[in-house]
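Novice: Can you keep this structure in mind? I'll have questions shortly.
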Amino acid sequence: MKIEVNNNTVVFNNKKKKTEIHPMWLRERVNSKEYLDQNTAQRLFDPSFLENIKIKDAIIKGNILELTFNDGVHSKFRINELTSEFLDTNNLFNTVKVNLWDSSLKRYPKYFYKKNFFKSKEMYNLLKSFYKYGFVIIKNLPTKNNFIINFANSIGNVRPTNFGEFFNVKSIYRPNDLAYTSLPLSPHTDNPYRKPIPCIQLLHCIENEVSGGRSTLVDGFKVANYLKKINPSFFRILTKIKVKFKFTDKNVVLENNGQLIELDENKNLKQVRFSTRLDFVPILKKNELDLYYKARKKISDLYNSDKFKIEFKLIPGDLLMMDNYRLLHGRTAYNPNEGKRYLQGCYIDYDSSEGKLRHLKRNFDN
Ligand code: OGA
Ligand code: ZN
């Protein structure tokens, strides 16, 4: 691919496919110090005020494109920066490889906490693994002073909820959520009743003396793809019907609607929701609901089956970071008489993980 100039037009030539670059697109990227604040990399002019921008003169010298525009502005551009923007090569999601998994996943992505961890190359690898697998386990974290908040705020910013900045997962008397019991939790996504739904859940093990209470994870995107293959009509109805999710306690009533499998505008998987403690299907025609209930039963069987679920025990100091839009998580039951089980949990959003990943990428990958 290369940039060419031809009669005062700038042309992007990619595999013999030539595309003229709009003069305004280039004028917006003028980067000399009168036009771009060199400290913040923010514009000192408002391109939305400009009109009828044309190129009066264009030359290429090595890796530099030099342009003079019809409003008298002259600027130099690095060609490799233009081509990289044109090809979107810096887009995180073009560089991080996604690996959908099932229970045959052998090596879980694991990282060991140490000093200066959050600025390290290790952290960069951790975040890439997080996007690859939808989860990572970090070991050897301090278990005192609500370290989870420190962890969350070192990646980005904790996302507080009505449960507070973080929540304590232990078995208590008359809790407002079944997570705070010793009952088993089948694979679910957290908080589908919130607006917006928290993107990433962190669960930090403080104590775990019981023989049960094992953690489970399922890659919801792997299951959704499998369902699409084996039963397209089940898949279709789950991507269509919006279910209401509702949480109620004495202080608040939270509600949000969404499909069990949500697709984006290109029909790619965007998000899964599954929380059978809190879902309410709308009243629809009987035959449509008939199909919906069959499809929900099927996906529930798949989420709960040994074909897709991994199971492991968290030990004190372990932190599980998981993508709440892609993975489902749960736990097996435990007997509180055997000893203590205490996890702390909190949420962060993609804003945090993506922001940190881009920052580390510019430090380690350039
Ligand atoms: C939760 C949850 C799992 C566990 O608190 O959201 O799913 O291992 N907990 O207790
Ligand atoms: Zn949960």
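The values are calculated or read from the model by the stated rules, or taken from the named source; none is laboratory data. Note that this is a predicted model, so its numbers are computed, not measured. All Cβ positions, even for glycine, are placed from backbone atoms using ideal geometry, and neighbour counts span all protein chains on display. Keep in mind that these areas ignore ligands, DNA and RNA; they rest on the heavy atoms of the full protein, side chains included. Shrake-Rupley method; radii C 1.70, N 1.55, O 1.52, S 1.80 Å.
Novice: Hey, Lys229 hits all of (1) away from ligand 2 (no atom under 16 Å from the Cβ); (2) in a loop (DSSP other than H, G, I, E, B); (3) over 22 Å from the mean Cα position of the chain (by Cα) but one; which does it fall short on?
Specialist: Lys229 satisfies all of (1) away from ligand 2 (no atom under 16 Å from the Cβ); (2) in a loop (DSSP other than H, G, I, E, B); (3) over 22 Å from the mean Cα position of the chain (by Cα) except (2).
Novice: Is it the case that some residue within the range 116-134 is at positive phi, assigned by TED's automatic domain parsing to the domain that holds Phe247 and either among the aromatic types (Phe, Trp, Tyr) or within 16 Å of ligand 2 (Cβ to nearest atom) (or both)?
Specialist: Within the range 116-134, one or more residues are at positive phi, assigned by TED's automatic domain parsing to the domain that holds Phe247 and either among the aromatic types (Phe, Trp, Tyr) or within 16 Å of ligand 2 (Cβ to nearest atom) (or both).
Novice: Of a type outside the set (Asp, Glu) and in contact with a Lys or Arg (Cβ under 6 Å, 6 or more places away or on another chain): is that true of Lys313 in this structure?
Specialist: Criteria met by Lys313.
Novice: Hey, can you tell me all the residues within the range 24-46 that are closer than 15 Å to Phe86 by Cβ, in contact with a Phe, Trp or Tyr (Cβ under 9 Å, 6 or more places away or on another chain) and not charged (D, E, K, R)?
Specialist: Matches in the range 24-46: Leu26 only.
Novice: Can you tell me which residues in the range 317-343 are under 15 Å from Pro109 (Cβ atoms), away from ligand 2 (no atom under 13 Å from the Cβ) and among the aliphatic types (A, V, I, L, M)?
Specialist: Those that are under 15 Å from Pro109 (Cβ atoms), away from ligand 2 (no atom under 13 Å from the Cβ) and among the aliphatic types (A, V, I, L, M): Leu319, Met321.
Novice: Identify the residue in the range 188-239 that is touching an Asp or Glu at 6+ places or on another chain (Cβ under 9 Å) and among the hydroxyl-bearing types (Ser, Thr, Tyr) and, among all such residues, is nearest to ligand 1 (Cβ to nearest atom).
Specialist: Result: Ser215.
Novice: Give the residue that is farthest from the chain's Cα centre (by Cα), with candidates limited to residues of the range 23-54 that are over 12 Å from Phe77 (Cβ atoms) and β-branched (Val, Ile, Thr).
Specialist: Per the stated criteria, the residue is Ile53.
Novice: Also: Please state which one of Leu327, Leu302 is away from ligand 1 (no atom under 16 Å from the Cβ) and at pLDDT 95 or above.
Specialist: Only one candidate passes the filter, namely Leu302.
Rundown of residues vs (1) within 15 Å of ligand 1 (Cβ to nearest atom); (2) on the phi < 0 side of the Ramachandran plot; (3) in contact with a Gly (Cβ under 9 Å, 6 or more places away or on another chain), yes/no style:
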position	(1), (2), (3)
Ile155	no, yes, yes
Val169	yes, yes, yes
Ile172	yes, yes, no
Ser186	yes, yes, yes
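Novice: Being in contact (Cβ under 8 Å) with a residue 12 or more places away in the chain and either surrounded by 15 or more Cβ atoms within 10 Å (Cβ to Cβ) or of a type outside the set (D, E, K, R) (or both) is the filter here, so list the residues in the range 94-105 that pass it.
Specialist: Correct list: Thr95, Val96, Val98, Asn99, Leu100, Trp101, Asp102, Ser103, Leu105.
Novice: So Gln344 passes all but one of these: (1) more than 10 Å from ligand 1 (Cβ to nearest atom); (2) open to solvent by less than 40 Å² (accessible area, probe 1.4 Å). Which condition number does it fail?
Specialist: Of everything listed in (1) more than 10 Å from ligand 1 (Cβ to nearest atom); (2) open to solvent by less than 40 Å² (accessible area, probe 1.4 Å), Gln344 misses just condition (1).
Yes or no, residue by residue, for (1) touching a helix residue (DSSP H, G or I) at 6+ places or on another chain (Cβ under 6 Å); (2) over 30 Å from Asp323 (Cα atoms); (3) at pLDDT 95 or above:
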site	(1), (2), (3)
Asp46	no, yes, yes
Leu50	no, yes, yes
Lys76	no, yes, yes
Tyr111	yes, no, yes
Lys139	no, no, yes
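Novice: Before we move on, is Asp279 touching a residue at least 24 places away in the same chain (Cβ under 8 Å) and surrounded by fewer than 14 Cβ atoms within 10 Å (Cβ to Cβ)?
Specialist: no
Novice: Now, a different point. Search the range 40-88 for residues being open to solvent by 70 Å² or more (accessible area, probe 1.4 Å) and in contact with an Asp or Glu (Cβ under 7 Å, 6 or more places away or on another chain), and hand back the single one that is nearest to Val10 (Cα to Cα).
Specialist: Per the criteria, the residue is Ile59.
Novice: Select, from Asp318, Asp301, Asp365, Asp351, the only residue that is of a type outside the set (A, V, I, L, M) and surrounded by 15 or more Cβ atoms within 10 Å (Cβ to Cβ).
Specialist: Within the list Asp318, Asp301, Asp365, Asp351, the selection yields Asp318.
Novice: If Glu255 passes every condition in (1) touching a residue at least 24 places away in the same chain (Cβ under 8 Å); (2) away from ligand 1 (no atom under 16 Å from the Cβ); (3) under 24 Å from Asp102 (Cα atoms) but one, which one does it miss?
Specialist: Just one mismatch for Glu255, condition (3).
Novice: Filter the range 209-227 down to the residues that are surrounded by 17 or more Cβ atoms within 10 Å (Cβ to Cβ), more than 30 Å from Asn337 (Cα to Cα) and not aliphatic (A, V, I, L, M) and list them by number.
Specialist: Correct list: Asp219, Gly220, Phe221, Lys222, Tyr226.
Novice: Looking at the range 163-208, which of its residues are among the aromatic types (Phe, Trp, Tyr) and within 12 Å of ligand 2 (Cβ to nearest atom)?
Specialist: If the condition is that a residue be among the aromatic types (Phe, Trp, Tyr) and within 12 Å of ligand 2 (Cβ to nearest atom), then Phe163, Phe167, Tyr180 are the ones that fit.
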